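Since the structure comes first, as structure tokens, the remarks are kept for the end.
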Amino acid sequence: MRTILYIVNQLRKAGPVVVLHDIIRYLNRSEFRPVIVKLMEDDPDRSITPLFVEMGAEVYGLDCSFAELELNPAKVARKVERLAERCGADIVHTHGYHPVLVAARMKKRYVRMETLHCICREDFVFSKGMLVGRYMNQRYLRNLARLDAAAAISQSVREFYRMALPHMDVRLIYNGVETCRFKKATAASRTALREKLGLPQGRTLFVSVGTLSHRKDPVTVIEAYKKAFRSNDDQAPLLVFLGKGPLAESCGKLAAGWGNMIFTGYVFNPDEYLQVADYSVCASRSEGFGLNIIESLLCGVPTICSDIGPFTEFLSPYPALRSLQFRVGIVEELKEKLLEANRSPIDMTDISEDIGNRFSAQQMASGYMELYKELTKRHEE
């Protein structure tokens, strides 16, 4: 049996941790033993550590400070090495910036790999600003190059890292979703869910899921909606934002006086909102994948989204959905797509089934298990 030591910052509900949850859920436990080390203390409001424990994963926390991870990752690496030795780790599998800094300083007797969740050149600049973001980008790439392999979550991500680090072994393993959780609602359940969520029956509903941040670009969505529809028109579609973030206050001011726009704050499980939506809307300027879009499509809800690489990549087989994409940040184009969607519904039956076949959590986990076997075999030779 091979022991996989996963290194994460925290086990809080966010895309990379949800992906890790689904990898571990479908690991063959007769072949692989999952052990997780959290570098920092969990955010208590968003921690999903109990879900990992329930699945039988061993979870350890180091409670490192941000300063310790930034300034002395070698010291943290020694702590992780002691844990790796105790649990007999065969593979160290990292997820994110600080985990890579730590793994790069561990002894080479472990197979070390990273899941590439984003295009670092874009993501770090959007989240940290130009100066800090560029520094993080260079530091991440230098440390990533010291690992043995990496798995990219989309072809767009893979292409970026193969250009940035041409000698690195970068595989493609698409993210997957637990498809049984995301199903199209029946008419009866849709009515009941709308009532439960306090949403009116019979109104078109646009839902936007994600952090209110520059990278997700909710401002473009708000401005496009204001151009497309009249304020406080009780026949106009509703626009619901699920999430909070640094732009929450400015988004609230921009939407002031528009009763058809609703901000719920952070929602732990957006499933119910997606099941009662008519369309999801995503204006992201950068993504590694886009789990929320896949979840929307599985619920039978078409998406109106920006034309960034990963979105175009997995929407390319569906011309009707490709026609609803708009150029990043172009308010006028999104306005037209909102109006078009409000006039012309899309039959999602075959699309939802196909998405489920292409992006299942079981398929993703199978890809990682094959990679684990290949890397350990190569390491032993």
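Some notes on this structure:
- Lys, Arg +1 and Asp, Glu -1 on Cβ, resulting dipole of the stretch 28-149 about Cα centre, debye, nearest 20: 720
- Basic side chains Lys and Arg get +1 at the Cβ, acidic Asp and Glu get -1 at the Cβ, and with that the dipole of the stretch 179-358 about its Cα centre reaches some 340 debye.
- Positive dipole terminus of the chain, leading residue within S323, Y97, S280 (C-beta point charges): Y97
- Placing +1 on each Lys and Arg Cβ and -1 on each Asp and Glu Cβ, with no other charges, gives the chain a dipole about its Cα centre of roughly 940 debye.
- Shown here are the Rg and Dmax of the Cα trace of the stretch 179-358, at 15.0, 43 Å.
- Available extension along the chain between R162 and D307 is 50.0 nm, counting 0.36 nm per residue and deducting the alpha carbon span.
- One decimal place: the segment E54-M1 gains 17.0 nm when fully extended, by the rule 0.36 nm per residue minus the C-alpha distance.
- Judged by the mean number of other Cβ atoms found within 10 Å, the most tightly packed of the peptides 14-23, 81-90 leads the ranking 14-23, 81-90.
- Counted over the stretch 179-358, the DSSP beta bridges are approximately 5% antiparallel.
- When DSSP beta bridges are restricted to pairs lying wholly in the chain, around 5% turn out antiparallel.
- Taking the Cα atoms of the chain, the ratio Rg/Rh between the radius of gyration and the Kirkwood radius comes to 0.98.
- For the stretch 179-358, lysine pairs with C-alpha atoms less than 15 angstrom apart, excluding pairs fewer than eight positions apart on the same chain, total 7.
- Taking every DSSP helix (H) stretch of at least 4 residues in the chain, weighting each as -39,500 (n - 2.57) and dividing the sum by the residue count yields a mean residue ellipticity at 222 nm of -13500 deg cm²/dmol.
- Rounded if a/c under 1.5, otherwise prolate or oblate - the stretch 184-268, Cα gyration tensor axes: oblate
Readers should treat all values here as calculations from the given coordinates under stated rules, not as data from a laboratory. In this text, all values refer to a predicted model and were calculated from it rather than measured experimentally. Reconstructed Cβ throughout: ideal geometry from the backbone, glycine too, with neighbour counts over all protein chains shown.
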